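Q: If you scroll down you'll find the structure; I have some questions about it.
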Amino acid sequence: MASPHSPDVPIFVETADRPYFQMVRCSYMSIECDDPSPGWQIRLNNQVAPFLLLELVGIVQQPFGAPRFSNYNLVDQLFQQVEKQAFLLINFADLWLPRFLFSASVQVGDVYRVTNELFNEAFRFRDGQSNQRQFELQCKELPPVVFSPEETRAFGSWVAEQISGAQNSAPKNPELQLRTRPGHDRSSGGS
C-alpha cells in the first residue's frame, strides 16, 4: 500500500512535441515479474500476509538506498540488483504529457520528476480512460513536471556506457550478427 508521502516518479523524454501535436512522449521504468515467485509479503493496515508473486508490475520511483538517481552507480546498481533475479526484469513503457508542463528547453534524454497524481492521470490517458481534452484540463490543475539535472547526467552516463559496452563486445551468437557489405564500414554510416 502506498505511504502518504510517496516519492515522485522519474520520467525520460523520448520525443519532443511537434507543431501539430503539443504532447511530449516520455518513458518510465517498471519492474515486472512474469514467473510465479514465492517468498513475497504484502502489508495492509499493519497486517502482513505472504503471497506468490505473479505478473506484478511496480513503477520505479527511486534507486536502492537513495532518494534520487544522482549518479551512474545508483542507476547501474538498480539494473544489476533487479536483473540478477531470474524472475524480475526492468521494462521501459511510454506515456504522453502536455508540452505546457515542461520547461522551454525540453530535450530528448532529459529526466523530469512527476507527482504520483500526474503520473496516474498520464497513465489513464495512455490507456484510453480519458481523452486528450480531459487530460489537459486535469494537468492544468496539477503541479508541472520538475527537471532533474543530476538524474539527467546519471542516466545519460549510464546509457552511454551501455551503448559503448554493446558496441565493443563480441556478439553472443555470431550467426545472428548483422553483416555489412564489403567496402562499407558500419561505424561511418555507410549502407
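Q: Within the chain, which is the longest segment containing none of the trypsin sites (Lys or Arg not before Pro) that sit in a DSSP loop and have at most 14 other Cβ atoms within 10 Å? Could you put the intermediate results ahead of the total?
A: Details: sites that count: 84, 172, 179.
Of all site-free stretches, the longest is 85-171.
Q: Any chance you could run the full-extension gain for residue 92 through residue 177? It's 0.36 nm times the residue separation minus the Cα-Cα distance, nm to one decimal.
A: On the way: separation 85, 0.36 × 85 = 30.60 nm, distance 2.47 nm.
Once the chain is fully extended between residue 92 and residue 177, it gains 28.1 nm.
Q: Same structure again: Round to a whole number: what % of the accessible area of the chain belongs to carbon and sulfur, probe 1.4 Å? Kindly include the intermediate steps, with their values, before the conclusion.
A: Numbers: 6440 of 12410 Å².
The value for the chain is 52 percent carbon and sulfur by accessible area.
Q: Starting from the Cα-Cα distance between residue 159 and residue 48, subtract it from 0.36 nm times their residue separation and give me the gain in nm to one decimal. Can you show the working numbers first?
A: Values: separation 111, 0.36 × 111 = 39.96 nm, distance 3.83 nm.
Length gained, residue 159 through residue 48: 36.1 nm.
Q: Related question: I'd like to verify something in the chain: which complete DSSP H helices, judged by Cα projection on the helix axis, reach 24 Å or more and average at least 1.0 on the Kyte-Doolittle scale? Each step should come with its number before you reach the end.
A: On the way: long enough: 149-168 (28 Å, -0.71).
The qualifying helices: there are none.
Q: With only Lys, Arg, Asp and Glu charged, each at its Cβ (+1 for the first two, -1 for the last two), find how big the charge dipole of region 65-163 is about the Cα centre; round to the nearest 20 debye.
A: 160
Q: Run the numbers for residue 126 and residue 108: contour at 0.36 nm per residue of separation, minus the present Cα-Cα distance, in nm. Display every interim value, and only then the final one.
A: Numbers: separation 18, 0.36 × 18 = 6.48 nm, distance 1.97 nm.
Stretched out fully, the residue 126 to residue 108 stretch lengthens by 4.5 nm.
Q: Give the longest segment of the chain that steers clear of chymotrypsin sites (Phe, Trp or Tyr not before Pro) in DSSP loops with at most 15 neighbouring Cβ atoms within 10 Å, not counting the sites themselves.
A: Details: sites that count: 20, 64, 87.
Formally, the longest exposed-site-free interval is 88-191.
Q: Averaged per residue, what accessible surface does the chain expose to a 1.4 Å probe, in Å²?
A: 65
The values are calculated or read from the model by the stated rules, or taken from the named source; none is laboratory data. Note that the structure is predicted; figures quoted are calculated from it, not measured. Backbone-built Cβ (ideal geometry, glycine too); neighbour counts: all protein chains shown. Ligands, DNA and RNA are stripped out before the accessible areas are found, and what is left, the full protein with its side chains, is counted by its heavy atoms. Shrake-Rupley method; radii C 1.70, N 1.55, O 1.52, S 1.80 Å.
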